[in-house]
């Protein structure tokens with residue numbers, strides 16, 4: 001089901017394989033002569049994170065593209081799942097494939113931030129032909145425990161600001177040290193993307209039980225790595241973006257990714273941590289240029 005909007009996108013609702021009602025935003029629906037771009041957000045984030053990047057890719061880029069930004073189950077406008085065991089990257093990858101099938105999209109370029117990048121690794125195992133080019137934002141086959149601890153501790157005590165201004169102050173206080181490059185407008189955009197306005201005030205726009213999915217992780221042990229899944233992406237054009245202050249993706253892991261994927265391009269974003277804001281600086285034009293090069297090389 002499509003619902004049009006005057007903000008540059010339409011809302012698309014579809015059924016997950018288990019029947020749950022899920023949502024995605026579609027930008028530039030008429031742009032059909034280039035690979036579409038699929039945007040996959042982080043753990044508790046949603047399609048709104050990609051609004052500015054999606055507007056650029058669908059309207060301002062040299063080769064405008066259709067962009068689909070997904071809300072995973074339990075986030076944004078997608079329904080919450082009564083079984084928190086379904087909040088995992090395998091189920092979410094299946095949900096993304098169901099959405100693409102409903103939209104008759106067989107292949108696309110992908111942008112995955114954090115958890116979205118992990119889902120791309122899974123898609124490479126489930127349906128490798130769907131991946132034409134990949135941008136992974138501050139994630140790799142090895143997740144640093146320190147970064148995951150930071151995420152869990154923040155989510156465990158998710159702030160409950162009463163006003164928008166208070167929410168901006170809170171986000172800046174919690175994350176500001178890792179993101180000195182951000183402007184006031186950047187912080188405001190972040191807050192608008194992660195909170196929803198309700199009668200009870202501002203609330204984080206995700207199912208609060210998502211926090212419980214991190215409870216079973218043993219932070220004393222290294223997490224399982226995804227090198228085998230990453231190696232399976234060796235033939236897919238890849239751009240890896242890392243925040244210079246990231247605690248989740250180490251410089252050493254990025255270097256090893258480059259060694260294993262000889263054609264991989266990299267961007268390190270100064271003044272930002274996990275995960276860089278993809279609408280800032282030259283990132284939108286660099287992402288657009290990467291997709292254009294990847295598509296041109298494939299059609300030679």
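Packing around the peptides 19-28, 54-63, 40-49, taken as the average count of other Cβ atoms within 10 Å per residue, puts them in this order, highest first: 40-49, 19-28, 54-63. Only one of (1) 60, 38, 32; (2) 57, 40, 36; (3) 55, 44, 39 was calculated from the structure for Cα extents along the principal axes in Å, and its label is (3). The sum of -39500 (n - 2.57) across all DSSP H runs of n ≥ 4, divided by the residue count of the chain, sets its helix-only mean residue ellipticity at 222 nm to -9500 deg cm²/dmol.
One chain, two ends: residue 173 and residue 33. Fully extended at 0.36 nm per residue, the span grows by 46.0 nm beyond their Cα-Cα distance. Percent antiparallel among DSSP beta bridges with both residues in the chain, to the nearest 5? Bridges in the chain are about 50 percent antiparallel.
Computed from the C-beta positions of residue 163 and residue 88, the FRET efficiency with R₀ = 41 Å rounds to 0.75. The distance from the alpha carbon centre of segment 45-78 to that of segment 261-275 is 20 Å, rounded to a whole number.
The packing ranking of peptides 185-193, 86-94, highest mean first, is 86-94, 185-193, where packing means the average number of other beta carbon atoms within 10 angstrom of each residue.
Coordinate-derived values only; no laboratory data. Keep in mind that what you see is a predicted model, and the values were worked out from it rather than measured. Cβ: placed from backbone, ideal geometry, glycine included. Neighbour counts: every protein chain shown.
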